[in-house]
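A.B. asks: Have a look at this one.
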Amino acid sequence: MGVWAIPMWFLMASSSADNMWPLVVAIFVSCLAMSFQTGPQPALFAEIFPAKVRHSGASLGYQFAAVVGGTAPMVMVAVINGQVDQIWRIGPIISVLAVVGLVSLYTLKLRQERATAEAA
């Protein structure tokens, strides 16, 4: 999604009432990319948390994401500042957040490897 974020917003900006195909392509590819992200999430949460706190841990993550993610529309409005032709500015923000997510996954992997090594 981080790679697709910038071209996606350029496609959305280039669509119009007469030509909706750029918007359709942008949404279709975005949904496809998001399915690759959200598909493995349950398995990841099952591995992160021990069985005793698995539901609480996963729920806490979702609730925190809902609170923080709820500010996204306000950030978007502030970034484009009412200029629809500047909507592409949202793409780099999504790309930076994707990098943050990848770094978090890498950190989880290292933590899991250390725990496995200590248990052996």
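A.B. asks: Rounded, prolate or oblate: which fits segment 59-102, taking a ≥ b ≥ c as square roots of the Cα gyration tensor eigenvalues, rounded meaning a/c under 1.5, else prolate when a/b beats b/c? Intermediate results must be reported in sequence, preceding the final value.
C.D. replies: On the way: a/c = 4.69, a/b = 1.66, b/c = 2.83.
Since a/c reaches 1.5 but b/c is at least a/b, the shape of segment 59-102 is classed as oblate.
A.B. asks: Run the quick spin-label model on Val96 and Leu32: label points 7 Å from Cα toward the beta carbon, then report their separation in nm to one decimal.
C.D. replies: 2.9 nm
A.B. asks: Still on this structure, please answer the following. Which whole-number value in Å² is the accessible area per residue of the chain, probe 1.4 Å?
C.D. replies: Here the residues of the chain average 74 Å² of exposed surface.
A.B. asks: Can you give the extra length, in nm with one decimal, that the chain gains between Ser59 and Val25 once fully stretched, where that is 0.36 nm per residue apart less the Cα-Cα distance? Walk me through the intermediate numbers first.
C.D. replies: Details: separation 34, 0.36 × 34 = 12.24 nm, distance 3.27 nm.
Fully extending the segment from Ser59 to Val25 adds 9.0 nm.
A.B. asks: For Arg89 and Leu110, calculate 0.36 nm times their separation in residues minus their Cα-Cα distance, and state this gained length in nm to one decimal.
C.D. replies: Values: separation 21, 0.36 × 21 = 7.56 nm, distance 3.30 nm.
Full extension of this stretch gives 4.3 nm more.
A.B. asks: Ignoring any ligand, DNA or RNA, what whole percent of the accessible area of the chain comes from carbon and sulfur when the probe is 1.4 angstrom?
C.D. replies: 73 percent
A.B. asks: Per residue and in Å³, how big is the convex hull formed by the alpha-carbon atoms of segment 46-120?
C.D. replies: On the way: hull volume 6.5 nm³, N = 75.
Hull volume normalised by residue count: 86 Å³.
The values are calculated or read from the model by the stated rules, or taken from the named source; none is laboratory data. The shown structure was predicted, so the numbers you read here are calculated from the model rather than taken from an experiment. Cβ: placed from backbone, ideal geometry, glycine included. Neighbour counts: every protein chain shown. Please note that ligands, DNA and RNA were not included when accessible areas were found on the heavy atoms of the full protein model with its side chains. Shrake-Rupley method; radii C 1.70, N 1.55, O 1.52, S 1.80 Å.
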